[in-house]
Structures are given as structure tokens and as C-alpha cells.
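Coordinate-derived values only; no laboratory data. What you are looking at is a predicted structure, and each value in this text was computed from that prediction instead of being measured. Neighbour counts are summed over all protein chains in view; Cβ atoms, including those assigned to glycine, are modelled from backbone coordinates with ideal geometry.
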Amino acid sequence: MIVDGKIFGPYQAFYIQSMLFNCQSAARSIARLDPVFEKLPHEVTEEYLRNLPTHTILNELQNIVVQGAALSRYFWPVRKGHEERGRHLREAFNVNDGNPLQARELRNAIEHFDERLDVYLSSGLVGYIFPEFVGSRPNEDGVAGHFFRAYFVDCGIFRLLDGEYIIEPLMDEILRLSAALQEADSNGSNFPST
């Protein structure tokens, strides 16, 4: 319920708890990835990459993207009639235009993933197909490479089908927002700037 352009005070707790769920899920994924990424040598060898827990890394990265997309909807609602809520949340939590959560392609990548997968696969993939890949971005040698899920360690990009997402700014923003939400929760479940 919006009163004078703001979310009614007692209802703020519901938004705080809802967004905390997404932030904490992503933060757990970040915490699981930190030890893996901290140990990455400057010069990553093929042997080193073969020993990485590829499936786990990609699952955690995908969870971060999924949670980021869910958070995005709170701040930039899709359906009409919810714009004031989004504006108030952006103002309260200092989420500005250009924020990594605002990336429309991030949200679109997740919201209708099943349909995007249908379209991607129906294009008639030809070339190298990688269901899961963690390593340096391969050089283009004229033969197409198709990645279902990949993380390119040399540039910090997570690829899901044909979408690429720079992960570090997204993780940083989710952690910043998580801290702000936890503080709001411990301060009587009130938004910081209200």
C-alpha cells in the first residue's frame, strides 16, 4: 500500500524480508565461490581448470543471476500500477539508474528461460557445443562455439545461452543491498531513508 508516494511503514517489513531472501541466497552462492576464485592462479592452466568443480561453479553463478533478476523486479516493476513502489524502493535503498540490477537483459534471461532455450536450440546449432564450461574465453577460430552455461575466468563473464553477464558488479551490488536490508531489518524493519 502506497501512502503519499511511499510504502506504508508497517508494510516495509514485508519488502525487506522478501528482498533479504533473494540477497541471502545470492550471498551464500558468493561465499561458496570465494574460496574457488581466490585460489585461481594468475596464469590458469588447462590442468588446473580440469580440476575445478565446474558444475558447482556454474550452479552458484546461475543462482546469483536468478536472484539478481528477482531483485530487479522489486526496483523496476514490469507491470503497470507498481511504479511508485519501485520508485520508493530505489530511493530508500539508493538504487540508481545504471545499477547492475537494472540490466533488462539480466531479467529477460531468467524470466522466460524455457522459451529462450526452445528458440536457442531450434536455431540449428552447428560447431562446438559446450553444455558446461569454465575457463578462459576461447579464441574464435572460424568454428562456432555454443555455450549452454559458461564462466570465462579471464574476463569474469558468465554466459547463459547467448547472454553474457559481468558477474563482479552484480555480486557487489547484491552484497551492498543485503547489508542495507539487514540493517533495515535490525532497525525495526524500516527503510533507511524513511
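Farthest towards the positive end of the charge dipole of the stretch 2-186, among the residues T56, Y120, W76, is the Cα of W76, using unit charges on the Cβ of Lys, Arg, Asp and Glu. When each of L49, L177, L121 is scored by the number of other beta-carbon atoms lying within 10 Å, the sequence from fewest to most is L121, L49, L177. Between 0 and 90 degrees, the angle of helix 167-186 with respect to the longest Cα principal axis of the chain falls at about 30 degrees. Residue exposure proxy: Y74, Y48, ordered by other Cβ atoms within 10 angstrom of their Cβ from fewest to most, comes out as Y48, Y74.
Placing a pseudo-label 7 Å from each Cα along the Cα-to-Cβ vector at D154 and R176 gives an inter-label distance of 3.0 nm. Measuring nothing but how far apart in sequence close Cα pairs (under 8 Å, 6+ apart) lie, relative to its length, the chain scores a relative contact order of 27 percent.
Just to be sure I understand: of the beta bridges DSSP finds with both ends in the chain, what percent are antiparallel, rounded to 5?
The antiparallel fraction comes to roughly 60 percent.
Once you charge only the Cβ atoms, +1 for Lys and Arg and -1 for Asp and Glu, what is the size of the charge dipole of the chain about its Cα centre, to the nearest 20 debye? In debye, rounded to 20, the chain gives about 660. This ranking places H88, H55 by how few other beta-carbon atoms lie within 10 Å of each, fewest first, which gives H55, H88.
Using alpha carbons only, the radius of gyration of the chain set against its Kirkwood radius gives Rg/Rh = 1.04.
Show me, for the stretch 136-141, the HN-Hα J-couplings you get by feeding each phi into the Karplus relation (A = 6.51, B = -1.76, C = 1.60, θ = phi - 60°), rounded to Hz, glycine and proline as x. Rounded to whole hertz, the list is 6, 4, x, 6, 6, 10. Backbone geometry of the stretch 36-50 corresponds, through the Karplus equation with coefficients 6.51, -1.76 and 1.60 at θ = phi - 60°, to 3J(HN,Hα) couplings of 5, 6, 5, 8, 4, x, 4, 9, 7, 9, 4, 4, 4, 5, 4 Hz, x marking Gly and Pro.
Once the Cα atoms are used to define both axes, helix 113-122 deviates from the longest principal axis of the chain by about 30 degrees.
With helices as the sole contributors, the chain gives -17000 deg cm²/dmol at 222 nm; each DSSP H run of n ≥ 4 counts as -39500 (n - 2.57), and the sum is divided by every residue.
Summary: within the chain, the longest segment free of trypsin sites (Lys or Arg not before Pro) located in DSSP loops with at most 10 other C-beta atoms within 10 Å is 81-194.
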